[in-house]
Every structure is written in structure tokens, then in C-alpha cells.
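**Q** One structure follows; several queries about it will come next.
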Amino acid sequence: MREPKQTPPTDLRQHRARTERDLILGGIAVVFLIGGTMIYLLWGVATMLATFACFVGVLALAFALWLLLRLLEWASKDRG
């Protein structure tokens with residue numbers, strides 16, 4: 001009899017991180033596309049462009065906060 005083929009262990013942390021990233025990017029895409037389309041249909045191009053400028057600003061602030069937290073996490077790691 002043949003022994004069953006062993007699969008490598010699953011890295012659940014990597015899977016969780018990848019899933020969270022995909023969900024965040026999907027949520028941003030939905031807000032960007034659906035929200036942008038609704039704003040365009042209701043108020044026009046100028047308002048849509050202004051909204052996207054605000055949206056990009058909010059994303060920049062969120063990215064800066066994420067980057068700060070990652071740097072603090074890196075700086076606090078025990079290197080010994």
C-alpha cells in the first residue's frame with residue numbers, strides 16, 4: 001500500500017493577512033466605483049472629482065497611520 005501524500009503545513013497567519021488585504025482592497029474598490037458612479041449620476045463630474053480628491057486624501061492618511069504603526073512594530077521587536 002502507498003502512504004498518503006503529505007501536504008505542507010498551512011500558514012494561517014499568512015492566509016489571514018492575505019484575506020484581510022483582499023477584503024480591504026475590495027471594499028475600497030467598491031466604494032470607489034459604486035460611490036463614484038452614484039455621485040456622478042446625481043451631481044456630475046465636478047463633484048465626483050472633488051469627492052475622489054477627498055477619498056485619496058483619506059487613503060493617504062490611512063496609509064500614513066498604517067506605516068507609522070508598522071515602523072513602531074518594527075522598532076519594538078526584540079533583536080537579541
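The values are calculated or read from the model by the stated rules, or taken from the named source; none is laboratory data. Bear in mind the structure is a predicted one, so any value in this text is a computation, not a measurement. Note that each Cβ is placed from the backbone with ideal geometry, even for glycine, and that neighbours are counted across all protein chains shown.
**Q** State which residue pairs qualify: first residue under 11 Å from Leu59 (Cβ atoms) and at pLDDT below 95 and inside the range 18-31, second residue of a type in the set (A, V, I, L, M, F, W, C) and assigned to a helix (DSSP H, G or I) in any location, beta carbons under 9 Å apart, and separation of 6 or more residues or different chains.
**A** So the pair list comes out as Ile28/Phe55; Ile28/Leu59; Val31/Phe55.
**Q** Restricting attention to the range 22-54, which residues are surrounded by 11 or more Cβ atoms within 10 Å (Cβ to Cβ) and either assigned to a loop (DSSP other than H, G, I, E, B) or touching a Gly at 6+ places or on another chain (Cβ under 8 Å) (or both)? Spell out how you get there, then give the answer.
**A** First, the residues of the range 22-54 that are surrounded by 11 or more Cβ atoms within 10 Å (Cβ to Cβ): 24, 28, 31-32, 35-40, 43, 47-52.
If the condition is that a residue be surrounded by 11 or more Cβ atoms within 10 Å (Cβ to Cβ) and either assigned to a loop (DSSP other than H, G, I, E, B) or touching a Gly at 6+ places or on another chain (Cβ under 8 Å) (or both), then Met48, Thr51, Phe52 are the ones that fit.
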